[in-house]
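> Can you keep this structure in mind? I'll have questions shortly.
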Amino acid sequence: MKPVVGAFQAWSCTVISVFAIVILGVLGILYNSNHHGLLGGIEDPENGPAVAGTIFVAVIVYAAFFVFCGLQGLLHVRENRRGAIAL
């Protein structure tokens with residue numbers, strides 16, 4: 001199987017996805033527990049678990065990006081070990 005994206009793009013997407021999963025996961029947990037620092041203001045949302053549900057959907061999307069981009073990066077590693085010529 002040949003990679004669809006370049007090696008740099010694949011590894012960059014993988015790293016960005018890891019950071020997004022961690023940051024959004026923490027935010028989702030805080031909203032789900034109705035943390036006063038996120039829900040205490042006048043213009044803040046009132047329903048923390050609803051916001052957390054939306055954030056967890058974004059975490060799932062970034063997890064899919066992580067899997068796809070990670071596999072693309074591994075395909076590049078496998079291709080380079082075979083001695084393929086990079087263009």
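Throughout, read-outs are computed from the coordinates displayed, never taken from laboratory work. No experiment lies behind these values; they were computed from the predicted model shown. Counting neighbours? That spans all protein chains shown, and the Cβs are built from the backbone with ideal geometry, glycine included.
> When you look at Leu71, is it in contact with a helix residue (DSSP H, G or I) (Cβ under 7 Å, 6 or more places away or on another chain) and surrounded by 13 or more Cβ atoms within 10 Å (Cβ to Cβ), yes or no?
Answer is no for this residue.
> Shifting gears a bit: Can you pull out every residue in region 1-41 that is in contact (Cβ under 8 Å) with a residue 24 or more places away in the chain, among the hydrophobic types (A, V, I, L, M, F, W, C) and touching a Leu at 6+ places or on another chain (Cβ under 7 Å)?
Passing the criteria: only Met1.
> Now for a different question. Report yes if Ile60 is farther than 30 Å from Val5 by Cα, loosely packed, with under 13 Cβ neighbours inside 10 Å and out of contact with any Leu (no Cβ under 7 Å at 6 or more places or on another chain), otherwise no. Before the answer, list the steps.
On the way: farther than 30 Å from Val5 by Cα: no; loosely packed, with under 13 Cβ neighbours inside 10 Å: yes; out of contact with any Leu (no Cβ under 7 Å at 6 or more places or on another chain): yes.
Taking the combined requirement at face value, the residue does not satisfy it.
> Look at region 55-70 and say how many of its residues are farther than 13 Å from Ser17 by Cα and aliphatic (A, V, I, L, M).
Here the count works out to 2.
> Still on this structure, I have one more. Which of the numbered conditions does Pro49 fail, given that it passes all the others? Conditions: (1) surrounded by fewer than 16 Cβ atoms within 10 Å (Cβ to Cβ); (2) of a type outside the set (Ser, Thr, Tyr); (3) in contact (Cβ under 8 Å) with a residue 24 or more places away in the chain.
(3)
> Criterion first (in contact (Cβ under 8 Å) with a residue 60 or more places away in the chain and surrounded by 13 or more Cβ atoms within 10 Å (Cβ to Cβ)) does His76 satisfy it?
Spelling it out, His76 is indeed in contact (Cβ under 8 Å) with a residue 60 or more places away in the chain and surrounded by 13 or more Cβ atoms within 10 Å (Cβ to Cβ).
> Taking into account only those residues within region 3-35 that are over 13 Å from the mean Cα position of the chain (by Cα) and hydroxyl-bearing (Ser, Thr, Tyr), which is surrounded by the fewest Cβ atoms within 10 Å (Cβ to Cβ)?
Residue satisfying both the conditions and the ranking: Ser33.
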